[in-house]
Amino acid sequence: MNIAAKPASIAAEAAAILDRLGVETSAYTGGDLKSFSPITGEQTGSLKTVSTAEATAIIDRADAAFRIWRLVPAPKRGELVRLFGEELRAAKADLGRLVSIEAGKIPSEGLGEVQEMIDICDFAVGLSRQLYGLTIATERPGHRMMETWHPLGVIGIISAFNFPVAVWAWNAALALVCGNSVVWKPSEKTPLTALASQAILERALKRFGDAPEGLAQVLIGDRTVGEVLVDHAKVPLVSATGSTRMGREVGPRLAKRFARAILELGGNNGGIVCPSADLDMALRAIAFGAMGTAGQRCTTLRRLFVHDSVYDQLVPRLKKAYASVSVGNPLDGGALVGPLIDKLAFDNMQKALSEAKAHGGTVHGGERVDTGSADAYYVKPALVEMPAHTGPVLEETFAPILYVLKYSDFDGVLADHNAVGAGLSSSIFTLNMREAERFLAADGSDCGIANVNIGTSGAEIGGAFGGEKETGGGRESGSDAWKAYMRRATNTVNYSTSLPLAQGVSFDIE
Ligand code: UN1
């Protein structure tokens with residue numbers, strides 16, 4: 001079923017939401033960065049951008065704010081994030097809708113993204129009383145050794161269009177309780193949701209009262225503005241989400257000035273369906289993982305390895321699900337698959353599909369769906385049966401393409417599973433504990449996320465999020481990811497009356 005897009009003005013709805021959230025009209029009119037909704041291709045704003053000089057001044061201001069904020073007790077800093085979580089709860093419907101308008105997500109996913117922001121706020125509030133350091137046994141009598149965690153500085157955040165607000169919130173909530181200030185360069189494709197999120201945070205800041213000015217700021221602009229953030233000496237950590245190509249530029253620039261990087265780059269996520277798998281469960285997990293968010297999550301399932309004993313049971317059902325999935329205007333509420341972000345995404349998808357055919361693949365779906373808007377790019381998700389793990393299967397294409405491969409040998413499938421550049425997320429569907437445990441073992445999946453009997457996407461915030469290899473190696477969100485946002489000091493205190501040296505060294509002066 002294809003649902004036609006409504007001609008009603010999406011821009012007017014976006015403006016009404018922004019107004020309710022407290023964003024001034026002047027912030028998104030009369031500027032030179034045009035924003036669009038992928039739902040119809042309609043223009044939704046023209047935002048004022050900052051110059052590189054303004055960006056530098058903004059970062060300097062953030063550094064001044066940091067110097068004050070780092071001295072505020074962490075639980076008090078947590079209070080700001082608690083208020084932010086409250087404001088997000090109140091704004092959830094509006095912000096979720098704006099995410100749908102700007103990123104093309106279906107309503108439950110737009111709202112889910114805001115829920116992810118709320119969840120990380122709750123996590124960070126608890127964390128604000130748990131920034132623990134260790135005490136460590138020392139080899140010297142009358143001494144104490146301990147670790148202290150201190151605020152780090154201005155945290156630069158570069159985010160992508162596909163999670164336009166949640167990824168910022170993962171970083172901002174942790175950074176703020178850790179005593180840092182934040183400067184955010186959102187995707188040029190989703191600047192309105194950034195303005196809205198910033199306005200919501202400013203409401204919390206206002207209620208908080210005495211936070212330093214410049215504690216959390218947004219840089220609206222193009223990549224030159226992002227480069228200022230990456231190169232500025234007062235930014236000790238940049239957390240960047242985007243393509244591996246972007247990471248290859250950002251990573252070395254940060255390394256050059258010894259700044260920290262949290263890179264969350266591409267994923268080419270695989271799933272393995274074993275002979276004992278619960279196929280009903282696998283089918284649902286695969287459908288969401290591969291078609292959800294129109295294949296535009298970094299955790300999207302892109303490669304599916306199915307054991308030859310269950311291939312003919314599972315794959316025909318999967319094809320049926322692909323053929324019948326509803327593609328259309330996400331605002332209408334009936335579709336499960338919304339638009340691709342833009343024409344480039346569509347072109348890249350078509351290119352990958354022709355390459356797949358050239359490599360012997362059989363393509364089901366993948367064609368454009370007409371919703372009445374020439375500038376909107378809706379597609380039927382594509383399921384591609386591949387004879388071998390080659391060609392475009394090895395690359396991430398940010399679109400709903402699922403490559404399906406048959407396997408017979410478990411060691412062989414593990415090797416193929418790991419034989420790609422990216423290492424973000426992975427899944428195995430099995431009721432056999434030997435296979436499940438092997439997948440999670442040292443010689444199993446080489447990804448930052450490895451799941452059993454759930455899909456590759458839709459991680460909770462409580463775990464550390466990120467991946468290995470060309471995914472960049474960074475970890476954000478839960479677990480102990482907060483440690484990257486702080487500076488660790490090892491302190492040794494001598495409360496004795498002598499000065500023993502470690503390692504038995506003697507150095508006695510007269
Ligand atoms: C992303 O696509 O950049 O695990 C983030 C997930 C979400 C986050 C995705 N919680 O799919």
(request) Quick one: pull the percent of accessible area on the chain belonging to carbon and sulfur, 1.4 Å probe, ligands and nucleic acids left out. (result) 54 percent
(request) Using a 10 Å cut-off on Cβ atoms, rank the peptides 233-241, 190-198, 274-282 from the highest mean neighbour count down. (result) 190-198, 233-241, 274-282
(message) What is the sum of charges, Lys and Arg at +1 and Asp and Glu at -1, for the other residues whose Cβ falls under 13 Å from the Cβ of R297?
(response) -3
(request) Answer with one residue from P330, N171, A374: the one whose Cα lies farthest towards the positive end of the charge dipole of the chain, charges on Cβ with Lys, Arg +1 and Asp, Glu -1. (result) N171
(request) Could you pull out the chymotrypsin sites (Phe, Trp or Tyr not before Pro) across the stretch 1-100 that fall in loop regions by DSSP (anything but H, G, I, E, B) with no more than 14 other Cβ atoms inside 10 Å? (result) none
(message) Give the lysines reachable from K256 as a straight Cα distance under 26 Å; neighbours fewer than 8 places away on the same chain don't count.
(response) K185, K234, K469, K483
(message) What FRET efficiency comes out for Y495 versus D60 if R0 is 56 angstrom and r is the Cβ-Cβ distance? Round to the nearest 0.05.
(response) 0.85
(message) Among G474, G421, S457, which residue has its Cα furthest toward the positive end of the charge dipole of the stretch 336-483, with +1 on Lys/Arg Cβ and -1 on Asp/Glu Cβ?
(response) S457
(message) Compute, for the chain, the length of the dipole vector about the Cα centre, with Cβ point charges of +1 (Lys, Arg) and -1 (Asp, Glu) only. Units Debye, rounded to 20.
(response) 620 debye
(request) Provide, for the stretch 1-116, the number of lysine pairs with alpha carbons under 28 Å apart, each pair being eight or more places apart or on different chains. (result) 10
(request) Subtract the Cα-Cα distance of R67 and E367 from 0.36 nm times their separation in residues, and report this length gain in nm to one decimal. (result) 102.6 nm
(message) Taking every DSSP beta bridge with both residues inside the chain, roughly what % is antiparallel (nearest 5)?
(response) 35 percent
(request) With 10 Å bins from zero, work out the P(r) of the stretch 72-149 over every alpha carbon pair and list the percent per bin. (result) 18, 29, 21, 16, 9, 6, 1
(request) Just subtract the alpha-carbon distance of H150 and S46 from 0.36 nm times their residue separation and send over the number in nm, one decimal. (result) 33.4 nm
(message) Regarding the stretch 124-261, what's the average projected area of the Cα-atom convex hull, expressed in nm²?
(response) 10.9 nm²
(message) I'd like to know how the stretch 187-305 sits against the 2.2 N^0.38 Å rule of thumb: what's its Cα Rg over that expected value?
(response) 1.45
(message) I need the peptides 440-452, 87-99, 157-169, 327-339 ranked by packing, meaning the mean over residues of other C-beta atoms within 10 angstrom, with the highest value on top.
(response) 157-169, 327-339, 87-99, 440-452
(request) Show K76, K319, K256 ordered by accessible area, largest first, where the area counts protein heavy atoms only and the probe is 1.4 Å. (result) K256, K76, K319
(request) Would you mind computing, in nm to one decimal, how far apart the modelled labels at R248 and D409 are, each placed 7 Å from Cα along Cα→Cβ? (result) 3.2 nm
(message) Using helices alone, I'd like the mean residue ellipticity at 222 nm for the chain: each DSSP H run of four-plus residues gives -39500 (n - 2.57), total over residue count, nearest 500.
(response) -12500 deg cm²/dmol
(message) Probe of 1.4 angstrom, ligands and nucleic acids ignored: what's the accessible area per residue over the stretch 49-180, in square angstrom?
(response) 35 Å²
(request) Give me Rg over Rh for the chain, both radii from the alpha carbons and Rh done the Kirkwood way, two decimal places. (result) 1.02
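The values are calculated or read from the model by the stated rules, or taken from the named source; none is laboratory data. Here the structure is a predicted model, which is why all the values come from computation and not from measurement. All Cβ positions, glycine included, derive from the backbone under ideal geometry; neighbour counts span all protein chains shown. Heavy atoms of the whole protein, side chains included, go into the accessibility calculation; ligands, DNA and RNA do not. Shrake-Rupley method; radii C 1.70, N 1.55, O 1.52, S 1.80 Å.
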